[in-house]
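Below is one structure, written out as structure tokens; comments come after it.
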Ligand SMILES: [Zn+2]
Ligand SMILES: [Zn+2]
């Protein structure tokens, strides 16, 4: 008689001492080190002033890696809001990797789990599950902004990102993650050194174009997870506590339309209307005109209106 073994149900998260060791390492390298780097950058002002080179390296680095995260990691790979050529996919994945917020496939898996369990048990970074009152709110903010990354359940990529692990080029980019972060530090170092023709120009380039750039972008992205699940406006019905923070639209490259995004995760536009600033969507439109991306899944007017919250009696 043959015994037919029932396959184990696929686990949604995996946890092991090895994974937690990696998480701790990533936390120290990419979350704590940029803080130390930012402090060092300020201290280094005594040796080398903050000039046009530092400003340009910081701004350009923030912009391209930020677009890599919002357009590549988030709108393309996580939510499939449009389709892109393999070259565009690769460039966006590499630029997103340079931000130091994790390799693309793990980032996608974590973010898909965030949408699945938003503000409920299982959400990797909700600010609303740490108890009531001011203390609970403060603990929730600290957890969702930063502390959750020290150690968390690792979402099983086989469950959460089966489409991405079939994409061989993307798996290759993800495997080389540490190299991309390194490249993102080497480029501003070399440029800073060449422009100033000095070692302190190189160090200053590394500090402002590398560490400060990572530090600034990280806190912008984390603020979406923390503050924009707590305070802001809520024009659309959605089952979690996501909010819009319109004044931060430019600096977040459109990510701060977070309630819009949770209500319509399939939309490549987070602003939804042209007058809500959304630089991430502007890039997608430019790429569309150039014929490099297509099939933008913009929600219809009817779908949008059906989810709009109307005040009682209106
Ligand atoms: Zn999302
Ligand atoms: Zn969210």
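Read the figures in this text as sums done on the coordinates, not as results from a lab. Keep in mind that what you see is a predicted model, and the values were worked out from it rather than measured. Glycine gets a Cβ as well: all are built from the backbone with ideal geometry, and neighbour counts include every protein chain shown.
Some observations on this one:
- Among the candidates 197, 207, residue that is closer than 30 Å to residue 48 by Cα and either in contact (Cβ under 8 Å) with a residue 40 or more places away in the chain or within 16 Å of ligand 2 (Cβ to nearest atom) (or both): 207
- Qualifying positions in segment 245-257 - surrounded by fewer than 24 Cβ atoms within 10 Å (Cβ to Cβ) and under 16 Å from the mean Cα position of the chain (by Cα): 248, 249, 250, 251
- Among (1) surrounded by fewer than 20 Cβ atoms within 10 Å (Cβ to Cβ); (2) within 16 Å of ligand 2 (Cβ to nearest atom) - the single one residue 295 does not satisfy: (2)
- Applying the condition of being away from ligand 2 (no atom under 14 Å from the Cβ) and within 17 Å of residue 110 (Cβ to Cβ) to segment 74-84 and asking which residue is surrounded by the most Cβ atoms within 10 Å (Cβ to Cβ) yields 77.
- Cβ-Cβ contacts under 7 Å between residues 6 or more apart (or on different chains), taken from a first residue in segment 85-112 that is farther than 24 Å from residue 13 by Cα to a second residue that is within 16 Å of ligand 2 (Cβ to nearest atom), are listed as 99/69.
- Residue count for segment 269-279 satisfying the condition of being more than 12 Å from ligand 1 (Cβ to nearest atom) and crowded, with 23+ Cβ neighbours inside 10 Å: 2.
- Some residue of segment 113-130 being farther than 20 Å from residue 70 by Cα, touching a residue at least 24 places away in the same chain (Cβ under 8 Å), assigned to a helix (DSSP H, G or I) and within 16 Å of ligand 2 (Cβ to nearest atom): no
Matching residues to (1) closer than 22 Å to residue 113 by Cα; (2) over 19 Å from the mean Cα position of the chain (by Cα):
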site	(1), (2)
221	yes, no
238	yes, yes
267	yes, no
279	no, no
283	no, no
